[in-house]
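The structure appears below as structure tokens.
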Amino acid sequence: TVKTLRDAMRRYAEEVSPHKKGERWESIRLAAFESPDHAPLPVSKKLTDITTADLALWRDARLTKLSRGTVLRDLTLLASVLEHARREWGWIEVNPAKNVRRPAQPEHRERVITGPEVRGMLRALGWPPRQADGKRRVRSVKQAAAVCFMLALQTGMRAGELCGITPPDVMTDHLKIRAGKTGRRDVPMTATTRRVVDMLDGWSGDTLLGIKAQTLDAFFRQARDKAGLAGFTFHDARHTAATRLAQRLHVLDLCKVFGWRQTSR
């Protein structure tokens, strides 16, 4: 049976992607490879006929429209599909992506979210108002997103880590990350952070925040547009937290909190 690049991508999405942490996003990206936006990627061409030149042509076309980082990620995923087809399925003898020149890594981006920007985002996200007893309590997913943003600013935790925390992970003075990008670690909580976490009392859900990372991202982008702001993402809250905490913590303690394996950040 003649196997095409489309066949390889679809089988990879069915058999390989489900075993990865980022299954949903990888499946979306694999499906997008078949869209006209990815022309001239030869999705209908026989795998054995695809050349390095074919993929280089696709790479160059993408670089005229997208950032180097995006094209590099797509090329890396495509190379993984082709390598799996070679090693595991025996569909090709040589991976044509192996010799395709990779775009240069994008320059490291560091953006600190300013105080006025933080306040604008919290207003747009509907920061929980004080109740009759003087306490703030989360009563909507939008407010949960606001609390999540504040926790990211205070702890430097990633969106996926925050969205994965369950009530048993909340200790007296720290939060437990059981499946973070860099493994398990404990994140200290200040008294202020504890008060923010307490806003989630009575907010139901399988997780503490009751919100998924993709939903959080959507709310964050909508709020940023509503507030008339630009130039930063949710992940920049992590760098903002690191910048602030670096003024108070020893570098090795900072690495422990953020799960960094080395100090050169």
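Sorting Met121, Met171 by accessible area puts them as Met171, Met121; the probe is 1.4 Å, largest comes first, and only protein heavy atoms count. Shown here: volume of the Cα convex hull per residue in Å³, derived from the displayed model; of the candidates (i) 124; (ii) 160; (iii) 197, it corresponds to (ii). Dividing the summed -39500 (n - 2.57) terms of all DSSP H runs of n ≥ 4 by the residue count of the chain sets its mean residue ellipticity at 222 nm at -14500 deg cm²/dmol. Compared with the dominant Cα axis of the chain, that is its longest principal axis, helix 52-63 is turned about 40°.
For region 1-29, the residues whose backbone nitrogen is under 14 Å from a point 7 Å from the Cα of Leu66, taken along Cα to Cβ, are 25-29. At a 1.4 Å probe radius, carbon and sulfur cover how many percent of the accessible area of region 93-163? Exposed carbon and sulfur together represent 50 percent of the surface.
Among 71-84, 146-159, sorting by the average number of other beta carbon atoms lying within 10 angstrom of each residue, highest first, gives 146-159, 71-84.
For the chain, the longest principal axis of the Cα atoms and the long axis of helix 141-155 meet at an angle of about 90 degrees.
Label region 1-66 by shape, choosing from rounded, prolate and oblate, from the square roots a ≥ b ≥ c of the eigenvalues of the Cα gyration tensor; if a/c is under 1.5 it is rounded, and otherwise prolate applies when a/b is larger than b/c, oblate when it is not. It is oblate, given that a/c is not under 1.5 and a/b is not larger than b/c. Computed from Cα positions, the angle between helix 213-226 and the longest principal axis of the chain comes to roughly 70 degrees. Based on protein heavy atoms only, the chain ends up with 56 Å² per residue of surface accessible to a 1.4 Å probe.
Considering all different alpha carbon pairs of region 94-234, the Kirkwood hydrodynamic radius works out to 16.6 Å. Accessible surface ranking for Arg111, Arg123, Arg59, 1.4 angstrom probe, highest first: Arg123, Arg111, Arg59.
In this structure, the amide hydrogen of Arg136, modeled 1.01 Å from its nitrogen in the peptide plane, lies closer than 5 angstrom to those of Gln131, counting only residues at least 5 positions away or on a different chain. Label sites at Arg137 and Arg73, each approximated as a point 7 angstrom past Cα along Cα to Cβ, lie 3.9 nm apart.
The values are calculated or read from the model by the stated rules, or taken from the named source; none is laboratory data. Remember, it's a predicted structure, so these values are computed and weren't measured experimentally. With ideal geometry, Cβ positions are generated from the backbone for all residues, glycine too; neighbour counts draw on all protein chains shown. Each accessible area value is taken on the protein alone, full model and side chains, heavy atoms only, with ligands, DNA and RNA left out. Shrake-Rupley method; radii C 1.70, N 1.55, O 1.52, S 1.80 Å.
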